[in-house]
Amino acid sequence: MERISWLSKLNLRGAGSRANRNASLQTPVTADPETCLMVFKNHWSQVLRILEKRSCKLDQVAADDLSAVRNNTYQMMNLLAEDRPRDEVAMGPILGFVVSENILERLLRWHLQWDFSEEKKVEQLKLYEMLISQSRQPLLRHKPVLQPLVTLLSTFSPQPASPVLENNLVLLLNQLCVSMVKEPSILHLFFSSPTEQGPTDLIIFSLLIPFIHQEGVVGQQARDALLLIMAMSANNQMVAKYITENSYFCPVSPTLFCLKAKLQKQ
């Protein structure tokens with residue numbers, strides 16, 4: 001009954017203008033911050049019970065458990081997207097809880113234990129794209145939010161994938177580039193690989209390269225995102241050095257020069 005009393009305080013809003021988004025990601029709420037935090041913690045406690053089932057073998061996770069984690073996570077991410085900062089400096093209460101409990105890292109680590117199929121990757125991409133595009137406060141400056149995102153991106157390779165996966169990957173990369181333009185201080189954070197081994201790599205740039213010759217929306221989003229990175233390189237020596245010395249810039253440079261010329265005319 002206590003849980004019902006929490007939920008009864010929530011005032012659901014309409015889905016908004018992004019009508020093509022998955023309906024499960026379109027349940028933003030308005031309520032007092034304390035109530036939203038209580039509801040968030042209730043969803044997390046249900047997820048945590050499943051995450052801590054140590055007796056489960058990797059091939060014996062129950063379908064009900066997978067569904068429960070998915071559904072509760074969707075509700076948690078909607079609440080996080082609606083969370084508002086306490087003031088110009090302090091995080092919102094839900095974001096503060098997410099950061100202190102390292103929730104996004106723990107969720108991704110649990111998913112990576114199983115068969116991390118394209119379907120599951122699409123789910124994760126949609127969650128992060130929704131958070132980045134709809135959040136009411138900066139998220140990427142916080143390592144417990146950024147690190148699992150970088151880990152997720154590191155699971156992708158230049159090899160062809162399904163159109164659905166490619167669409168969602170490029171959309172997220174495009175949103176990340178828009179975020180970096182708004183907050184350039186986070187750009188350097190994407191140079192560190194999850195294991196911090198191997199050569200320096202700007203993972204967003206390297207993931208975009210295979211898509212810039214594609215036609216349609218995916219290709220346009222990839223080119224727009226790459227243009228934003230190139231524009232930032234004019235004022236960021238680290239990015240400029242990466243593009244010229246460590247990226248696959250040369251094979252695609254004619255296309256990029258054309259894109260840059262187009263940008264200068266706009």
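Just one of (1) surrounded by 15 or more Cβ atoms within 10 Å (Cβ to Cβ); (2) at pLDDT 85 or above trips up Phe191, so point out which.
Phe191 satisfies all of (1) surrounded by 15 or more Cβ atoms within 10 Å (Cβ to Cβ); (2) at pLDDT 85 or above except (2).
Among the listed residues Phe156, Phe97, identify the single one that is part of a helix (DSSP H, G or I) and crowded, with 17+ Cβ neighbours inside 10 Å.
Sole residue among the options that is part of a helix (DSSP H, G or I) and crowded, with 17+ Cβ neighbours inside 10 Å: Phe97.
Could you list all residues from region 113-140 that are in contact with a Ser or Thr (Cβ under 7 Å, 6 or more places away or on another chain) and assigned to a loop (DSSP other than H, G, I, E, B)?
Those that are in contact with a Ser or Thr (Cβ under 7 Å, 6 or more places away or on another chain) and assigned to a loop (DSSP other than H, G, I, E, B): Phe116, Leu140.
So is Ser185 within 19 Å of Tyr242 (Cα to Cα), small (Gly, Ala, Ser), open to solvent by less than 60 Å² (accessible area, probe 1.4 Å) and part of a helix (DSSP H, G or I) or not?
no
Tally up the residues in region 214-241 that are touching a helix residue (DSSP H, G or I) at 6+ places or on another chain (Cβ under 7 Å), farther than 16 Å from Leu171 by Cβ and not aliphatic (A, V, I, L, M), please.
2
Do we find that Arg223 is among the basic types (Lys, Arg), over 18 Å from the mean Cα position of the chain (by Cα) and modelled with pLDDT of 85 or more in this structure?
Here the answer is yes, as Arg223 does meet what is asked.
Residues to consider are Leu131, Leu172; find the one that is at pLDDT 95 or above and either touching a helix residue (DSSP H, G or I) at 6+ places or on another chain (Cβ under 8 Å) or open to solvent by 30 Å² or more (accessible area, probe 1.4 Å) (or both).
Criteria check complete, one pass: Leu172.
Step by step: first the residues of region 228-244, then only those that are under 25 Å from the mean Cα position of the chain (by Cα) and open to solvent by 20 Å² or more (accessible area, probe 1.4 Å), then the one that is farthest from Glu183 (Cα to Cα). Which residue is that?
The selected residue is Ala240.
Taking the conditions exactly as written (β-branched (Val, Ile, Thr), more than 27 Å from Arg70 (Cβ to Cβ) and more than 10 Å from the chain's Cα centre (by Cα)), does Val170 satisfy them or not?
no
Matching residues to (1) closer than 28 Å to Ala225 by Cα; (2) among the polar types (S, T, N, Q); (3) in contact with a Pro (Cβ under 7 Å, 6 or more places away or on another chain); (4) in contact (Cβ under 8 Å) with a residue 24 or more places away in the chain:
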residue	(1), (2), (3), (4)
Pro93	no, no, yes, yes
Ser117	yes, yes, no, no
Pro160	yes, no, no, no
Leu176	yes, no, no, yes
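Between a first residue in region 34-46 that is modelled with pLDDT of 95 or more and a second residue that is of a type in the set (D, E, K, R), which pairs have beta carbons less than 8 Å apart while being 6 or more apart in sequence or on different chains?
As it stands, the answer is Asn42/Arg3; Trp44/Glu101, since those pairs meet every condition given.
The values are calculated or read from the model by the stated rules, or taken from the named source; none is laboratory data. From a predicted model like this one, the values you see are computed outputs, not experimental measurements. Glycine also receives a Cβ, built like all others from the backbone with ideal geometry; neighbour counts cover every protein chain displayed. Calculation scope for accessible area: heavy atoms of the full protein, side chains included, ligands and nucleic acids excluded. Shrake-Rupley method; radii C 1.70, N 1.55, O 1.52, S 1.80 Å.
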